[in-house]
Amino acid sequence: MFSKFIKIFIIIFFVSGAAVFASDAAYKIEVKINKFKGDVCYLGYPYGDKKYLADTAKINDQGVFVFEGTKPLEGGLYFIYSPDNLYFDLVVAESKFSIETDTLDFIQHMKTEGTTENKVFFDFQKFMRDKQKVAGELSEKLKSTNDEPEKENLNTQLKELDTEVKSYRNGIFEEFPKTFTAKFIKSTIAIEVPESPKDETGKELDANFAYKYYKKHFFDNIDFSDSRMLRTPNFYGKIEEYMEKLTVKQPDSIIESAHTIIEKARANNEVFRYCVVNLTYKYETSNIMGMDAVFVDLSENYYLSGQAFWADSTLMAKITDRVDRLKPNLIGKQAPKMFLVDTLMRPVSLYSIQSDYIVLYFFDPDCGHCKKKTPVLKELYDTKLKDMGVAVVATDIKKEVDKWKKYIKEQDLNWINLSDPEIRSNFRYEYNIETTPQIYILDSNKKIIAKKLDVEQIEEFIKKQIEFKSKSQNPG
C-alpha cells in the first residue's frame, strides 16, 4: 500500500568525540544555561505533527553546550530540550550564534549574541508575556464587576492593550521585514473578518459572509515560498484547521481545499512536496468512508501527471496500482459488473438482480472474521433486511466449490449465493478485495452508495437512505 512507502524517519545526529573545527562547521550554536544541572541537551524541531532530533551536545569545560556540524541546519523554529526539566524555543535562521539564560526564567533572562533573529524573537516573547499578564488581570476584573463605568474603563484598557500589541508587532514587520522571525510571528496572527455587507435596511446580504471571508483569507499570513515554515508548528496546524474545521467532510469539498493548499505550495519545491505527500497520505489512510476518492484525485493530479519529482519508479508503480484498484469502486460510481455462478453452476449477472438495495458481501469460508460476521448478517437479513427490500449477494472469493457449498449449507445462507470458480470475472481486483469480509451497498441502479461498512452498520445506513428517499419524493 502507498502508506508503507511514505514515512518520515527520525534521524539522530550524535556528537562524536572527535573535534569539529569552527572553520569546517556549517553551523555552530552555543547555549549556556546557568543553574542547569544536566550535562546533555538536545536540539530539535517540529515537522508536521511530530518532533525530530537534529543534534545532541554535552556540556564542555566552560559550562556551554555547543551544537555544530558540517552540514547546514534547515531553518525553522527549533527547540532546546533535556529530560532534566529544560525546554524552550529558538530560531535557527543564522548559522552561528550564542545564547545564554538560566533555569529561573528561560525567556526573561535570555541574552543573545550574533543573532538578530533570536534577539527579535525573545524580545517579542518577553513583551507578549508581560502584556498577556496584564490582559489576564483586566479580564478577571471584568468578570468580577457589575459596575458599568468600571466595565467600560476595563474594556477601554483592553482595547488599548490590543492596539499596543499590534503596534509592537507591526514595528517588527517594518524594521525586520526579511527575517524569518517576522514571518513566523505573522503566521500566528488570526484573520480579522470585516463586518458583513448589508442592504439599505441593514439586513446582511450574505449570511455566510464571515465563513467565506475567513476561509478565503485563511492563509494570508502564511509564506508558502519559505520552506522554513515547514519546521514550525503553525504550518501543520493551519493546514489541519483548514481541512478539518473549514472544509465540509465530503470528498468534492476536501479535494477542492486540498488543491487550494497545493497550488499555494507551488511557490517552493520543498513546501509543494510536503503538501502533496502529506495530504495524499492523510486521505489514503483515512478511516472515513469515501475519502479514497481524495487519494485517487490527488494521486492522478500530482503523481500520475508527472509532477511528483521526488517519486521513484517503485513508488510510482505502487501508486498506479493503488489508484487502479480504488478508482472502479469509489462511492457514487456504478458498481463493476460481475458474471458469476450460483450453487447450481448457472451464470448470474450482478446487474440482473433487481432490488431497492443490494448488500454485496465478499467472504472467504476459511476466514476467521467471516465466521464471526456471517451469522450476524444472516440474522439481520432474516429479521430486518429482507422485509426492507434489501437483497444480500454473498460472493465467495475462493475457487473451492465443494467447501463453498458446504459452508452455505452449514450456515443456512438463504440469500443469493455466488462464486467464480473459473475466474470469469475480475471482481477481486475491481472491488479491491484485500481483506474479508468486505461489504458494499448498491442502490437500485447498481450505484455504490457505501462500502467497507461493518455488518452492524448496515441496518442504520439503509434506514437513513430509505428515510432520505422518502423525504425527497414527498417534500413537506
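The values are calculated or read from the model by the stated rules, or taken from the named source; none is laboratory data. Source: prediction; values computed, not measured. Here Cβ is always computed from backbone atoms with ideal geometry, including for glycine, and neighbour counts include all displayed protein chains.
Among residues belonging to region 133-179 that are of a type in the set (A, V, I, L, M, F, W, C) and either in contact with a Phe, Trp or Tyr (Cβ under 9 Å, 6 or more places away or on another chain) or loosely packed, with under 10 Cβ neighbours inside 10 Å (or both), point out the one that is nearest to ASP223 (Cα to Cα). Top of the filtered list is ILE172. Inspect region 343-352 for any residue being in the same structural domain as ILE466 (by TED's automatic domain parsing), of a type in the set (A, V, I, L, M), touching a strand residue (DSSP E or B) at 6+ places or on another chain (Cβ under 6 Å) and in contact (Cβ under 8 Å) with a residue 12 or more places away in the chain and give the result as yes or no. Taking every residue of region 343-352 in turn, at least one turns out to be in the same structural domain as ILE466 (by TED's automatic domain parsing), of a type in the set (A, V, I, L, M), touching a strand residue (DSSP E or B) at 6+ places or on another chain (Cβ under 6 Å) and in contact (Cβ under 8 Å) with a residue 12 or more places away in the chain.
Look at (1) outside any loop (DSSP other than H, G, I, E, B); (2) of a type in the set (A, V, I, L, M, F, W, C); (3) surrounded by 18 or more Cβ atoms within 10 Å (Cβ to Cβ); (4) out of contact with any Lys or Arg (no Cβ under 7 Å at 6 or more places or on another chain) and you find that VAL376 fails only one, number (3).
If you go through region 18-49, how many residues are basic (Lys, Arg) and modelled with pLDDT of 95 or more? Spell out the reasoning first.
Filtering region 18-49 down to residues basic (Lys, Arg) leaves 28, 32, 35, 37.
Now restrict to residues that are modelled with pLDDT of 95 or more: 28, 32.
Residues flagged as basic (Lys, Arg) and modelled with pLDDT of 95 or more within region 18-49 amount to 2.
Taken over region 233-269, residues that are part of a helix (DSSP H, G or I) and out of contact with any Cys (no Cβ under 6 Å at 6 or more places or on another chain) amount to 25. Taking the listed residues TYR351, TYR431, TYR361, the one that is in contact with a Leu (Cβ under 7 Å, 6 or more places away or on another chain), aromatic (Phe, Trp, Tyr) and within 27 Å of LEU326 (Cα to Cα) is TYR361, with no other qualifying. Evaluated against (1) within 16 Å of VAL294 (Cβ to Cβ); (2) in contact with a strand residue (DSSP E or B) (Cβ under 9 Å, 6 or more places away or on another chain), THR260 falls short on exactly one condition, (2).
Determine whether GLY63 is in contact (Cβ under 8 Å) with a residue 12 or more places away in the chain, touching a Phe, Trp or Tyr at 6+ places or on another chain (Cβ under 7 Å) and either surrounded by 15 or more Cβ atoms within 10 Å (Cβ to Cβ) or not assigned by TED's automatic domain parsing to the domain that holds GLU240 (or both). Answer is no for this residue. Of all residues in region 88-132, those satisfying the criterion of being of a type in the set (S, T, N, Q) and touching a Phe, Trp or Tyr at 6+ places or on another chain (Cβ under 8 Å) are SER95, THR101, THR103, THR112, THR115, THR116, ASN118. Within region 301-336, being in contact with a Lys or Arg (Cβ under 7 Å, 6 or more places away or on another chain) and among the hydrophobic types (A, V, I, L, M, F, W, C) holds for TRP310, ILE331, ALA335. Within region 269-292, residues that are touching a residue at least 60 places away in the same chain (Cβ under 8 Å) reach partners that are of a type in the set (Phe, Trp, Tyr) with beta carbons closer than 8 Å, at six or more positions or on different chains, in the pairs VAL277/TRP310; THR280/PHE2; THR280/PHE295; THR280/TYR302; THR280/TYR303; TYR281/PHE2; GLU284/PHE2; GLU284/PHE295.
Assuming TYR274 fulfils every condition listed in (1) touching a Phe, Trp or Tyr at 6+ places or on another chain (Cβ under 8 Å); (2) surrounded by 14 or more Cβ atoms within 10 Å (Cβ to Cβ) apart from one, which condition is it? The single condition TYR274 does not satisfy is (1). Here ALA182 clears all of (1) of a type in the set (Gly, Ala, Ser); (2) part of a helix (DSSP H, G or I); (3) touching a residue at least 24 places away in the same chain (Cβ under 8 Å); (4) surrounded by fewer than 16 Cβ atoms within 10 Å (Cβ to Cβ) except the condition numbered (4).
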